Amino acid sequence: MIVLRGHPYEWEVSAPTAVTIGVFDGVHRGHRQVIANLVADSGDLDPAVLTFDPHPLAILAPDRAPKMLTDIDQRLGQFQVLGVKVAGVLSFPDIRELTADVFCQRVLADVLAARRVVIGADFRFGRDRGGDADFLVNVGPDLGFDVDVLDMVGAGDGVISSTRIRAALGSGQVEQAARMLARPYELKGTVVVGDRRGGQIGFPTANLAIAPEIQVPADGVYAAWAVIGEEVHRSVVNIGVRPTFAGKERRVEAHLLDWTGDVYGHPMALRFLSRIRDEMKFDGVAALVDQISADVEAASQIFEAAKVSSVPHDTQV
């Protein structure tokens, strides 16, 4: 997959394209339908996806910018898995003043040589969000491309959206999030040195530093796959402030069930399988150790019930 960065006027493609555009945060089931449609019907065209990094609201209204479900590398990894040939990473400051008609002419028609554009029904673009699906349908024939408008994908109780997935994660419903994403929610970070209490009580943990703009599931204890490079391990993850030790800083800590070694400084990804319980305060270390032992047993049963010994490597860390 070719990745294009920088100002879109400077991009170069080697063949006409079929294009879809959006933030695609999470690359959830709705996004995947749009991209799958694009790839399947591209014919001799190169399927291309345009995405934004950072999210436009991070520039326009930082106080209203949503927490992100995926960083740009995770999105690009998913695009490649789905068969995309060209990925363009748009920096919003580079295009914020482009009107909808200029964007269509200069970027879609001239630079990308678009012959087909696939969008969701709620798509808006251009300065002041002046362009929408109807606008594209009207201008497309004059600029040499057809436009397909796809309805949003539903999940039985409503339309799938990044907003709904954030809400599910914010209440700890990682299974619901996974259904909307079509895969477990993945949280990436670098293993940093913590206070080492886990090792002192017999349950060493890897403390992950997570980028502040990334969505973290609600406080609690989870069963999750821990991915280190190409290796996948079972883990019990605690998210919270560690109230038994009067902690105040929110942390993400993973106890790997089948790993011994030093992972400090290494990147790790956690793919959340199921929530085990809320975070709780215990009367003392002994009670905490008993509960962690129960959590490990509960997680082991969850992994056994899943009847999976590894997970697909959509991305490596």
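Read-outs: derived from the displayed coordinates by stated rules, not from any lab. What you are looking at is a predicted structure, and each value in this text was computed from that prediction instead of being measured. Neighbour counts run over all protein chains shown; Cβ positions are idealised from the backbone, glycine included.
Quick notes on this structure:
- For ASP25, distant residues with modelled amide H under 5 Å away: none
- Assigned charges on the beta-carbon of Lys, Arg, Asp, Glu; the chain dipole about Cα centre (debye): 600
- Karplus-derived 3J(HN,Hα), 6.51/-1.76/1.60, for each residue of the range 7-16, Hz, glycine and proline x: 5, x, 5, 9, 5, 9, 10, 9, 8, x
- For the chain, the tally of Lys pairs with Cα-Cα distances below 27 Å comes to 7, considering only residues 8 or more apart or on different chains.
- Selected from SER14, SER235, SER162 as most flexible by GNM, with the chain as the system and alpha-carbon contacts under 10 Å: SER14
- Gyration tensor (alpha-carbon) shape descriptor, the chain, a/c threshold 1.5: prolate
- Cβ-Cβ distance of ARG250 and ASP142, R₀ of 41 Å, FRET efficiency by 1/(1 + (r/R0)^6): the value works out to about 0.20.
- Stretched out straight at 0.36 nm per residue, the stretch from VAL193 to VAL3 would grow longer than its current Cα-Cα span by 65.0 nm.
- Longest DSSP-loop-exposure-free segment, trypsin sites (Lys or Arg not before Pro), the chain, at most 16 other Cβ within 10 Å: 97-195
- Extension gain for the segment ASP151 to VAL285, taken as residue separation times 0.36 nm less the Cα-Cα distance, is 42.9 nm to one decimal.
- For the range 184-306: rounded, prolate or oblate by the Cα gyration tensor [a/c cutoff 1.5]: rounded
- Cα-based shape type of the range 1-130, given that a ≥ b ≥ c are square roots of the gyration tensor eigenvalues and the cut on a/c is 1.5: oblate
- Least to most buried among HIS255, HIS266 (fewest other Cβ within 10 Å first): HIS266, HIS255
- Relative contact order %, the chain, counting alpha carbon pairs below 8 Å whose residues are six or more apart: 16
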